[in-house]
Amino acid sequence: MTDVVVEATDVVVQFGPTRALDGFSCALKRGTTGVLGPNGAGKSTFLKVLLGLVAPNAGSVVTLGVDSRSGPVVRKRVGFMPERDCHIPGLSALETVALCGELAGLDTALAFRRAHETLTYVALGEVRYRPVDGFSTGLRQRVKLAAALVHDPDLLVLDEPTNGLDPAGREEFLELVRRVAREGVSVLLSTHLLPDVEATCSDAIVVGRGRALRHGTVADLKRGSDAMRRVEVDGDYGGFVAALKARGATLSVDALAGFLLVGLPQGADNALILAAASESRTGIRRLSRADRSLEEVFLEAVGLPASGGPHAGS
Ligand code: ADP
């Protein structure tokens with residue numbers, strides 16, 4: 001089985017005058033991938049194309065080896081949790097989830113059996129006979145998750161699943177998602193909440209202006225360039241900065257956070273920093289590669305100014 005679950009190639013989607021996707025290409029691997037992007041970036045349109053709900057004007061999306069334009073074939077193997085509530089008034093949690101199972105192609109008996117199982121899985125077993133209308137946001141989100149899992153999909157697509165949840169509810173929900181992923185289901189998590197991606201996903205894709213702007217493992221995306229170092233020193237660093245500059249290094253100082261960010265000239269390594277410290281009689285407390293936060297990666301990719309300083313890596 002191939003390692004790629006979703007392969008998008010030069011996808012264009014035009015809604016009247018708006019080009020929602022404009023040459024969107026990516027190859028998403030099995031596992032957990034966060035889809036990040038500002039409002040209007042094209043995230044939802046991408047999800048709709050991969051689910052076969054929107055036909056692209058050009059290009060193609062192959063999901064689990066099947067061209068998404070074949071619609072229902074794909075949806076039988078993909079579970080989708082939409083952002084908006086979509087339950088039918090008056091139906092219990094059990095009836096709601098079973099109905100989704102039937103819509104995904106299960107016969108009635110199997111749909112009800114799986115609905116019991118998935119509601120227990122998301123810890124809603126005790127309230128399964130109650131109407132969804134009276135549920136809190138947290139419980140409704142779990143009903144939607146059960147509905148997306150009822151037909152035992154290979155790929156779970158979540159659109160802003162933690163919207164409206166309090167911190168504890170968010171953490172509980174993300175733990176459920178991690179559990180689903182551990183059991184071998186690939187997960188695509190579309191969100192504007194970067195911490196949700198950091199807490200749940202091994203990979204991330206940054207979407208902007210209808211394109212996939214960055215894609216990789218979260219660790220690789222955050223990794224600073226090989227030439228950047230984060231240095232913490234004891235006491236005054238004036239002489240140290242001068243000695244570094246004399247050796248061709250570039251500097252930025254985060255006086256508030258108490259560290260220097262040193263860009264090494266080509267071919268140089270930590271020895272340059274140690275030599276500058278020795279010359280200026282400066283004690284180095286900590287020297288590490290400078291990683292960026294996922295937020296900085298995101299802001300840089302979509303072309304917005306970063307608000308804070310760089311984050312430490314080790
Ligand atoms: P995101 O999910 O990243 O917020 P969307 O995919 O919803 O972005 O939207 C991308 C762009 O396409 C936006 O400019 C949005 O207004 C537009 N768009 C999305 N769906 C439609 C539609 N059905 N009709 C017209 N324009 C749309």
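The values are calculated or read from the model by the stated rules, or taken from the named source; none is laboratory data. Computed from a predicted structure; not experimentally measured. Cβ sites come from the backbone with ideal geometry, for glycine too, and all protein chains shown count toward neighbours. Note: accessible area is taken over every heavy atom of the protein model, side chains too, but ligands, DNA and RNA are not part of it. Shrake-Rupley method; radii C 1.70, N 1.55, O 1.52, S 1.80 Å.
Of note:
- The number of residues in the stretch 141-156 being at pLDDT 95 or above and either hydrophobic (A, V, I, L, M, F, W, C) or under 15 Å from Ile88 (Cα atoms) (or both) comes to 10.
- Pairs where the first residue, in the stretch 36-49, is assigned to a loop (DSSP other than H, G, I, E, B) and the second is within 6 Å of the ligand (Cβ to nearest atom) and of a type in the set (A, V, I, L, M), C-beta under 7 Å, 6+ apart: Gly42/Ala20
- Residue match in the stretch 262-270 (condition: closer than 22 Å to Val241 by Cβ, part of a helix (DSSP H, G or I) and open to solvent by less than 60 Å² (accessible area, probe 1.4 Å)): yes
- Failed item in (1) away from the ligand (no atom under 16 Å from the Cβ); (2) part of a strand (DSSP E or B); (3) over 30 Å from Glu126 (Cβ atoms), with Gly79 passing the rest: (3)
- Residue list for the stretch 1-24, restricted to those being of a type in the set (Ser, Thr, Tyr), exposed (fewer than 15 other Cβ atoms within 10 Å of the Cβ) and part of a strand (DSSP E or B): Thr18
- Within the stretch 123-151, the set of residues being of a type in the set (A, V, I, L, M, F, W, C), in a helix (DSSP H, G or I) and over 20 Å from Glu102 (Cβ atoms) comprises Val127, Leu139.
- Search result, residues across the stretch 111-122 that are under 24 Å from Ser190 (Cα atoms) and part of a helix (DSSP H, G or I): Thr118, Leu119, Tyr121
- When every residue of the stretch 215-224 is checked against the conditions, at least one turns out to be open to solvent by 40 Å² or more (accessible area, probe 1.4 Å) and assigned to a loop (DSSP other than H, G, I, E, B).
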